[in-house]
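The values are calculated or read from the model by the stated rules, or taken from the named source; none is laboratory data. From a predicted model like this one, the values you see are computed outputs, not experimental measurements. Because the Cβ atoms are built from the backbone with ideal geometry, glycine has one as well, and the counts that use them run over all protein chains shown.
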């Protein structure tokens with residue numbers, strides 16, 4: 001069992017009956033766990049020639065900004081549609097309950113930059129694949145992604161791996 005699991009709060013039947021919600025805000029609140037987690041992610045990145053970190057809204061901002069700071073590189077916010085003030089690339093994706101879209105600024109990435117993609121959890125991979133596609137639209141390459149939690153039964157990590165992206169997670173949970 002990964003050390004991080006002792007800091008993850010599981011909330012049954014949230015947001016819907018039958019779902020076991022994995023609350024990572026309990027990690028962010030902990031003065032020992034949060035820095036240790038960021039340090040582990042940064043250690044994973046050593047020697048990988050990462051130019052920038054892209055954090056997926058919203059928990060990916062909390063992780064990505066701290067990882068970028070520790071690595072001494074820039075941060076790219078991957079935002080929900082309509083939240084960024086300049087010209088953007090947009091990528092629509094399907095959710096279990098409809099459509100959504102993510103955006104990044106068109107000038108956030110230089111052609112050929114290696115981008116680390118970060119979020120709290122990888123489940124079906126829809127959001128992560130949308131972010132990966134956005135980064136590629138901007139001229140970047142996503143060779144690595146970091147998540148606190150993987151739900152492997154839902155196939156998101158496998159999907160990213162099949163698209164050339166190495167996935168690093170601190171823990172995994174079976175089931176929903």
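Inside segment 45-98, counting only strands (runs of 3 or more DSSP E) that do not spill past its ends, which hold 1 or more residues that are touching a residue at least 40 places away in the same chain (Cβ under 8 Å) and surrounded by fewer than 17 Cβ atoms within 10 Å (Cβ to Cβ)?
On the way: elements: 52-56, 74-80, 88-95.
Per the criteria, 88-95.
Please enumerate the residues belonging to segment 1-21 that are farther than 30 Å from residue 39 by Cβ and either part of a loop (DSSP other than H, G, I, E, B) or in contact (Cβ under 8 Å) with a residue 12 or more places away in the chain (or both). First the steps, then the outcome.
Let us first name the residues in segment 1-21 that are farther than 30 Å from residue 39 by Cβ, namely 12-13, 15-19.
Hits for segment 1-21 are 13, 15, 16, 17, 18, 19.
Touching a helix residue (DSSP H, G or I) at 6+ places or on another chain (Cβ under 8 Å), part of a loop (DSSP other than H, G, I, E, B) and without any contact (Cβ under 8 Å) to a residue 60 or more places away in the chain: is that true of residue 169 in this structure? Break it down stepwise before answering.
Working: touching a helix residue (DSSP H, G or I) at 6+ places or on another chain (Cβ under 8 Å): yes; part of a loop (DSSP other than H, G, I, E, B): no; without any contact (Cβ under 8 Å) to a residue 60 or more places away in the chain: yes.
No.
Only one of 128, 143 is in contact (Cβ under 8 Å) with a residue 40 or more places away in the chain, surrounded by fewer than 17 Cβ atoms within 10 Å (Cβ to Cβ) and not in a loop (DSSP other than H, G, I, E, B). Can you tell me which?
Working: 128 fails: surrounded by fewer than 17 Cβ atoms within 10 Å (Cβ to Cβ).
Just one listed residue meets the conditions, 143.
Going by the conditions given, is residue 117 under 13 Å from the mean Cα position of the chain (by Cα), part of a strand (DSSP E or B), under 16 Å from residue 146 (Cβ atoms) and at pLDDT 95 or above?
Values: under 13 Å from the mean Cα position of the chain (by Cα): yes; part of a strand (DSSP E or B): yes; under 16 Å from residue 146 (Cβ atoms): yes; at pLDDT 95 or above: yes.
Spelling it out, residue 117 is indeed under 13 Å from the mean Cα position of the chain (by Cα), part of a strand (DSSP E or B), under 16 Å from residue 146 (Cβ atoms) and at pLDDT 95 or above.
Within segment 22-35, track down each residue that is out of contact with any strand residue (DSSP E or B) (no Cβ under 9 Å at 6 or more places or on another chain) and either under 18 Å from residue 75 (Cβ atoms) or touching a residue at least 12 places away in the same chain (Cβ under 8 Å) (or both).
28, 30, 33, 34, 35
Identify, by number, the condition in (1) modelled with pLDDT of 95 or more; (2) farther than 19 Å from residue 75 by Cβ; (3) surrounded by 18 or more Cβ atoms within 10 Å (Cβ to Cβ) that residue 123 doesn't meet.
The one condition residue 123 does not meet is (1).
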